[in-house]
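Q: What follows is a single structure, and I will ask about it in a moment.
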Amino acid sequence: MLRHAARGVCRAAGLRSVSSSTAAFQELNASEQSKKEFLSKFAAFQGTMNEPEFPSNFVKPVEKVENASVPDKLKFNFYIPSAAINQGSSVDLVLLPATTGDFGVMPGHVPTVAELRPGVVSVHNELDKDVTKYFVSGGFAFIHADSTTDVCAVEAVPLSDIDSDAVRAGLAEYTGKLASLQGKGDDYELAAAQAGVEVYSALNSALGL
Amino acid sequence: MTYNKYAGLCADMLRAALKEPAKTKAKAREAIYYRSAVWENGQPTKQVITDITEGTSGKLS
């Protein structure tokens, strides 16, 4: 029986297009003019009563957020413990390898904190024209609301500094270690072998081997 | 295995895969040397020297 009543109310609400969203409420707000008219008519009956309040008096005015201007270049900082590879550089795009997947940062990106996995960071000083790639072993990336991007890596090297033979050998070595440790060996050794496979697989694909 | 150890381990593995001039420079960064002491009643009692010169890559513990 109550269900029927609820349905009846909803139907009636639909007919009268009553909505509870603040936006709609603002439109239904009594304007200053109509408030004054009402108060003047009320004055005749007021006596010693206080003036009635209007709901809009209690609603905070919605701040009109001007579209905060998006800068046309990203302010990019790229740090490793021993050096600042980029300090306040103006770039167009940075591609980052996060543990949750690869993503690109352009001016106006939503503020984000991302943990980086071993992979390639591509810095586009000029979109697709001037690109520098670094392999990072891991770290964090912070994208701030004003489009300043900080990438902090434990170790980062230009791709040209990586030795392909060492990568192939390392990948084979750690894959072998991981296979031989399956089920036995303690947790640390297993984790270290998995980390090795992760790093060397990433190096492998970064070099296109 | 803590996050710090994992992050250091990944960095060591990367350094091991570098080409020569960059490799020696990076290896120098890998070395860890410090001396720590346990203090009791204002006196240092035990001195421990931690000296890791080759980094942790390749060693599975």
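Where a number appears in this text, it was derived from the coordinates with a stated rule and is not lab data. Please read all numbers here as calculations on a predicted model, not as lab measurements. With ideal geometry, Cβ positions are generated from the backbone for all residues, glycine too; neighbour counts draw on all protein chains shown.
Q: May I ask you to list the trypsin sites (Lys or Arg not before Pro) in segment A:145-200 that are in a DSSP loop and have at most 14 other Cβ atoms within 10 Å of their Cβ?
A: A:K184
Q: Let me know the shape class of segment A:75-142, please: from the alpha-carbon gyration tensor, a ≥ b ≥ c as square roots of the eigenvalues, rounded when a/c is under 1.5, otherwise prolate if a/b is greater than b/c, or oblate.
A: It comes out rounded by the Cα gyration axes.
Q: Another question, then. Using only atoms on other chains, find how many Cβ atoms lie within 10 Å of each Cβ of peptide A:115-124 and report the average.
A: Shielding by partners across A:115-124 averages 1.
Q: Do any GluC sites (Glu not before Pro) in segment A:62-142 lie in a loop, going by DSSP, with at most 15 other beta-carbon atoms within 10 Å of their beta carbon, and if so which?
A: A:E63, A:E66
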